[in-house]
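Chemist: Following this message is one structure expressed as structure tokens.
Throughout, read-outs are computed from the coordinates displayed, never taken from laboratory work. None of these values were measured; they are calculated from a predicted model. Cβ: placed from backbone, ideal geometry, glycine included. Neighbour counts: every protein chain shown.
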Amino acid sequence: MKHFISLKDFTAKEINDLLEFASEFKRFPLKNPSLLEGRTLAMLFTKPSNRTRVSFEVGAKELGAHTLFLGPQEVQMGKRETVEDISRVLSRYVHGIVFRTFDHEDIVRFAKVSSVPVINGLSDLLHPCQILADLLTIKEHKGKIKDTKIVYLGDGNNVLNSWIYASNLLSLDFVYSTPKAYQPPSFILEEAQTLEGAKEANIRYEEDPLKAVLDADIVYTDVWISMGEKGKNESREDIFLPYQINESLLKKANPQALVMHCLPANRGMEVDEFVLDGPQSIIFDQAENRLHAQKAILQKLFEINKK
Ligand code: CP
Ligand code: NVA
């Protein structure tokens with residue numbers, strides 16, 4: 001059974017095919033017939049969501065599937081029964097599962113015993129669906145992804161980890177700028193270097209955000225405190241303030257630079273209000289593309305698993 005848990009499990013060709021497919025869905029939203037016709041997709045979420053939940057639900061429905069939302073109160077992951085037993089039972093009822101949770105290992109354990117495809121809707125470690133939509137957005141706005149200088153500023157979190165995989169896999173020009181103590185885990189960086197495009201990729205760490213952003217084509221950020229971290233790290237603001245995307249930082253980038261954020265945003269923290277709503281922001285195009293990308297993931301995953 002092929003799942004969509006991490007970008008590192010895919011080839012560059014498969015990711016590029018998914019992007020092509022997502023563009024096609026954007027042009028022709030109602031593809032018929034769909035492999036999802038009459039099927040049920042469960043949405044198992046132990047964390048809140050707007051974009052991921054809604055885009056998967058709408059996308060699946062546009063492909064003819066039914067969706068079933070299971071929030072934290074219903075399933076009570078690991079409390080009422082084990083992760084494996086939840087997976088074994090859901091596999092008997094539904095045809096695919098989008099799973100958003102805290103511990104990435106839970107998604108791995110869940111998928112291991114699942115007899116239907118599992119999609120990682122975000123874990124503390126990775127957010128692969130987000131990066132697929134991001135790549136699509138860059139391709140649309142810049143005409144290409146390769147040789148586009150992408151600069152990520154802020155926290156070394158799930159979004160950055162998935163970007164590290166994507167940029168190695170697809171041989172991208174990628175700079176990440178985080179406070180020293182908030183860099184991605186070394187095992188992610190090591191694993192990413194084994195991916196097929198890693199040798200041709202140009203990936204660097206730059207602690208100084210003002211240096212990192214020089215000549216950037218894309219300036220990307222995410223929240224400084226991710227879901228599940230709240231309460232632990234209340235003193236982060238001072239450490240992260242230099243990484244805020246504001247008008248003065250943006251002046252250092254390429255004049256045509258575009259600003260991205262996976263959302264939800266804390267306006268006035270990682271991104272300034274004027275930038276978020278300003279002419280260089282493609283943040284809401286990026287959010288829209290979640291829908292087209294999710295449909296591509298669903299359709300391809302069902303196609304692969306049918307073989
Ligand atoms: N970007 C993203 O995944 O948003 P949600 O948390 O609202 O799904
Ligand atoms: N890093 C953020 C992404 C939200 C889509 C979080 O995990 O909360």
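Chemist: For residue 239 and residue 28, what is the calculated FRET efficiency with R₀ set at 51 Å and r taken between the beta-carbons, to the nearest 0.05?
Modeler: In this case the efficiency is close to 0.65.
Chemist: Please give the direction-averaged projected area of the C-alpha convex hull for the stretch 180-292, in square nanometres with one decimal. Could you put the intermediate results ahead of the total?
Modeler: Values: hull surface 34.8 nm².
Average of the hull's projected areas for the stretch 180-292 equals 8.7 nm².
Chemist: Which FRET efficiency value, to the nearest 0.05, is calculated for residue 247 and residue 85 with the Förster distance at 30 angstrom and r the Cβ-Cβ distance?
Modeler: Values: r = 52 Å, r/R0 = 1.75.
Here the calculated transfer efficiency is 0.05.
Chemist: Further question on the same structure: Per 10 Å bin, what is the whole-percent P(r) computed from every C-alpha pair distance within the chain?
Modeler: It works out to 6, 28, 35, 23, 7, 0, in whole percents.
Chemist: Under 1.5 on a/c is rounded, so check that first for the stretch 1-75, then, if it is not, pick prolate when a/b is larger than b/c and oblate when it is not; a ≥ b ≥ c are the square roots of the alpha carbon gyration tensor eigenvalues.
Modeler: Cα axes put the stretch 1-75 in the oblate bin.
Chemist: Follow-up. Quick one: net charge around residue 21, please, counting Lys, Arg +1 and Asp, Glu -1 for every other residue with C-beta under 9 Å from its C-beta. All intermediate terms of the calculation are to be shown ahead of the outcome.
Modeler: On the way: positive: 295, 300; negative: 17, 20, 24.
Counting the neighbours of residue 21, the net charge comes to -1.
Chemist: Can you put 127, 141, 3 in order of Cβ neighbours within 10 angstrom, beginning with the fewest?
Modeler: By the 10 Å Cβ count, ascending: 141, 3, 127.
Chemist: Can you give me the distance in nm between label points at residue 13 and residue 61, each placed 7 Å from the Cα along the Cα-to-Cβ direction?
Modeler: Once both label points are built, they end up 3.7 nm from each other.
Chemist: Specify whether the C-alpha gyration tensor of the stretch 105-218 places it in the rounded, prolate or oblate class, a ≥ b ≥ c being the square roots of the eigenvalues: rounded for a/c under 1.5, otherwise prolate if a/b is larger than b/c and oblate if not.
Modeler: Here the stretch 105-218 falls in the prolate category.
Chemist: In the stretch 130-286, what percentage of the DSSP-assigned beta bridges are antiparallel, given to the nearest 5?
Modeler: Numbers: 0 of 20 bridges.
The antiparallel fraction comes to roughly 0 percent.
Chemist: Another one. For the stretch 1-136, restrict the atom set to alpha-carbon positions and state the Rg and Dmax in Å.
Modeler: 14.6, 44
Chemist: May I ask for the Rg/Rh ratio of the stretch 167-232, computed from Cα atoms with Rh as the Kirkwood radius, given to two decimals?
Modeler: Over the Cα atoms of the stretch 167-232, Rg/Rh equals 1.00.
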